[in-house]
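The values are calculated or read from the model by the stated rules, or taken from the named source; none is laboratory data. Model, not experiment: these values are computed from the prediction. Using ideal geometry, Cβ is built from the backbone for each residue, glycine included, and neighbour counts are taken over all protein chains shown. Only protein heavy atoms, including side chains, enter the accessible area calculation; ligands, DNA and RNA are left aside. Shrake-Rupley method; radii C 1.70, N 1.55, O 1.52, S 1.80 Å.
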Amino acid sequence: MNLPVQFQIVVFAVIAAIVLFQLYNVLGKRVGRQPQEDAKAAVTGPTPNEAPAAPAIDPATLASVATLKARDPAFDPARFLDGARQAYETIVRGYASGDRAALKPLLKPNVMASFEAGIAARETRGETESVEFLFPPRADLEGATAEGDRAVAKVRFLAELRSRVTKASGETADSETGEPLVEERRTAEHWTFERTLGAADPNWVLARVEPANA
């Protein structure tokens, strides 16, 4: 039996609508990461001015931290590293600029004497220096323990620096080569901080500086 033409058109239209609906269910859904999601990730991701995320502390360091926390329950590794990183930047800039007043409360007398010798030698040459950090320095806690009445913590710092030297004559370039007196370098050092347990002053001071592997 032949169906009327008008009825056939209606049937075909219904079939087409069903097919289109199924296609939309399959193809109309977003699959994978969308461009706007990538844009959002780019905006919310880390920037060059942010300090690098602290890596996980290894079991050996955690064990040493436990011995310190047994004597000083308030010791917080994350908070300590934040303070150590700030002290590192202040000390590096203070040494470069010869700011003895900024350095003295942050250093033990033996370290201050060593830094003082370097500053005095630079002043004798009539040179001044400035330092800038190309990126926030990385600080890794490598040990924290109690030794007698002292809390001792060792931190490995990795940094990229740019230093500028100006001679007494005001020259900022080498007189022989004409090269700018600017140096970019990467440093890797172990800094050991100490403070007296139970003392009213909670601040740590730098007790030792040693080279480290990058």
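Taking max minus min of the alpha-carbon positions on each principal axis, region 99-214 gives extents of 54, 29, 18 Å, largest first.
Once the convex hull of the alpha carbons of region 64-109 is built, what does its volume come to per residue, in cubic angstrom?
Details: hull volume 4.3 nm³, N = 46.
Given the Cα convex hull of region 64-109, per-residue volume reads 94 Å³.
Backbone phi angles across region 93-101, fed through the Karplus curve with coefficients 6.51, -1.76 and 1.60 (θ = phi - 60°), yield HN-Hα couplings of 5, x, 5, 4, 8, x, 7, 5, 5 Hz in residue order; Gly and Pro are listed as x. Subtracting the Cα-Cα distance of GLU194 and GLU123 from 0.36 nm times their residue separation leaves 22.6 nm of extension gain.
Per-residue extension of 0.36 nm, minus the Cα-Cα distance of ARG185 and THR67, leaves a gain of 38.9 nm for this segment. A simple count of charges around ARG208, restricted to other residues whose Cβ falls under 11 Å of its Cβ and scoring Lys, Arg +1 and Asp, Glu -1, yields -1. Each other residue within a Cβ distance under 15 Å of ASP76 adds +1 if Lys or Arg and -1 if Asp or Glu, for a net charge of +3. The phi torsions of region 83-89, fed into the Karplus equation with coefficients 6.51, -1.76 and 1.60 and a -60° offset, translate into couplings of x, 5, 5, 5, 5, 4, 4 Hz, rounded to whole numbers, with Gly and Pro shown as x.
Accessible-area rank, largest first, for SER163, SER64, SER97: SER97, SER64, SER163, with all protein chains present and a 1.4 angstrom probe. 3J(HN,Hα) couplings calculated from phi for region 60-65 with the Karplus curve 6.51 cos²θ - 1.76 cosθ + 1.60 (θ = phi - 60°) are, in sequence order, 5, 5, 4, 5, 5, 4 Hz; Gly and Pro show x.
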